[in-house]
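What follows is a single structure, written as structure tokens, with notes after it.
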Amino acid sequence: MALKQYLQFKLSQKLSPQQIQLMKLIQLPTQAFEQRLKQELEENPALENGKETKEELDSIDEFDNSDDEYNDSETIEADDINIDDYLSDDEIPDYRTQVSNYSSDDEEKSVPYAAGTSFTQHLTNQLNTFRLDDNERNIAEFLVGSVDESGYIRRSISDIVDDLAFTQGVYTDEASVEQILQKVHQLDPAGVGARNLQECLSIQLHRKEKYPDVELACNIIDKAFDQFTKKHYKKLLQKFDITEVQLKDAIEEIERLNPKPGGSYAGNNKMVEHVVPDFAIKIVDGELDLTLNGRNAPELHVSREYSNMMKGYKEAKDKSKSQKDAVLFIKQKLDAAKWFIEAIKQRQQTLFVTMSSIMHYQKEYFLTGDERKLKPMILKDIADQIDMDVSTVSRVANSKYVDTPYGTKLIKEFFSESMTNDQGEEVSTREIKKILETVVEEENKRKPLTDEKLATILKEKGYPIARRTVAKYREQLDIPVARLRKKI
């Protein structure tokens, strides 16, 4: 009995790699799935895209019926063909073509990159406007090379001095590096090369014409940055002996500045990310209509050429060891192609069934767009409905987007826990968060509401939740504490 259990365990372990691969396929969003598909087409010549002909289907059926014979590796033999030509790396089969079954209204499949010179090169080119000797230029170029994608130099001057000596053979001191850094601060975009936010804002303000608002803004950033960031407006009014109007105008000047000067440069060659919806929900004649992005449903088939090879080997009389090895290779590729095609079908079905269940569960929301109509829904609710594992639903929800009449949404945003209101009804925490957002938006910004006051207001609206729960929801919504929401 123990031996039988052991054998069953080994069998389940043997099947697990394919299950793991299927789960990985399910998790992939559309663009990543396309890359995985392209990789599989390139690596497996027995897999081709496009519709199957009747002859190809007959060929695959014949191959399927002979599986039993080929499954015993000892009985596989081969005829006398040129195996070396078949296995040649130089051969470029015509299956290596890009997937083309996109519907005409799908989004552009390419991922654009910003064009032009790099951000570093853009800064280096500007150094030519300064009169620098060789040693100074080496230091300047090293500083420019230390600028990160946000436009900052995050390293200390002492570390830069050490690195110049060890990696560039340039021996200098902190005062000399500081002097060259001041020149780097003159480069465009304004604020580049700063070591922190305060210095970045200061550099930008000092480049502006010295209007009263700008001069006051300079003083605030240079002499009272800590009080400014903490919004201690009363202390600023006293420190600079100014009116509220003057302070407001100065703060508006600061708010116009760019806290990340590097991010504004179009030539930094950063990839521009585009979200491609995996599903689309439309309202047709008052009913919800769900479609899966066609790019997730490629037409694939097993290579007819490879299937014919198997048939040829089966019918041959004279067979050799090398040809037998070739047959094993071909069978492996054919098995992998068949499995991949089946896995994609399972992926499509899993995605559609899962999203369909979510859509019907949240039917009121998708018909109206009112987030207050979102019902409490956890992963298990959907998993139970479609008889799948919670982890499978999670893989769909966490990485997929759906195009709705109200914008493109991340599917996991439709999930939320529940709480009971003062009427004893189950309501979604998303509904409470939406009301919390609205209350904060409508508050008097001169006297923002504390978490305790927010809890009181929510209780009055029929949602009895504790202050600490309000704080948790506020943080999840990226809403700052009351003091940091204050405006003058």
Among Q168, S158, N219, the residue whose Cα sits farthest towards the positive end of the charge dipole of segment 120-224, when +1 is placed on the Cβ of each Lys and Arg and -1 on the Cβ of each Asp and Glu, is N219
If amide H atoms are modeled at 1.01 Å from N in the peptide plane, then the residues at a separation of 5 or more from L47, or on another chain, having amide H under 5 Å from its own are S303
Two pseudo-spin positions, 7 Å from Cα along C-beta at D389 and at N308, lie apart in nanometres by 4.2
Sequence order, segment 374-379: Karplus ³J(HN,Hα) from phi using 6.51 cos²θ - 1.76 cosθ + 1.60, θ = phi - 60°, Hz rounded, Gly and Pro as x, gives 5, 7, x, 8, 10, 3
Calc'd 3J(HN,Hα), segment 288-294, phi into Karplus 6.51 cos²θ - 1.76 cosθ + 1.60 (θ = phi - 60°), Hz, glycine/Pro = x, comes to 7, 10, 10, 10, 8, 3, x
With label points set 7 Å from each Cα along the Cα-to-Cβ direction at K235 and E215, the distance between them in nm comes to 2.5
Diffing segment 343-349: the Karplus 3J(HN,Hα) column from phi (6.51, -1.76, 1.60, θ = phi - 60°), in whole Hz with x for Gly and Pro, holds 5, 5, 4, 5, 4, 4, 5
The FRET efficiency for L484 and S158, from their Cβ-Cβ distance with R0 = 41 Å and rounded to 0.05, is 0.75
Of the listed pairs K235/K486; K380/K412; K409/K453; K400/K472, those with alpha carbons more than 21 Å apart are K409/K453; K400/K472
So L197 and D133, fully extended at 0.36 nm per residue minus their Cα-Cα distance, gain in nm 20.0 nm
Burial-style ranking of 135-143, 285-293, 337-345, average other-beta-carbon count within 10 Å with highest first, yields 135-143, 337-345, 285-293
With 0.36 nm assigned to each residue of separation and the Cα-Cα distance removed, K260 to K345 gains 26.1 nm
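None of the figures in this text is laboratory data; all of them are computed from the coordinates on show. Note that the structure is predicted; figures quoted are calculated from it, not measured. Here the Cβ is made from the backbone with ideal geometry for all residues, glycine too, and neighbour counts use every protein chain on show.
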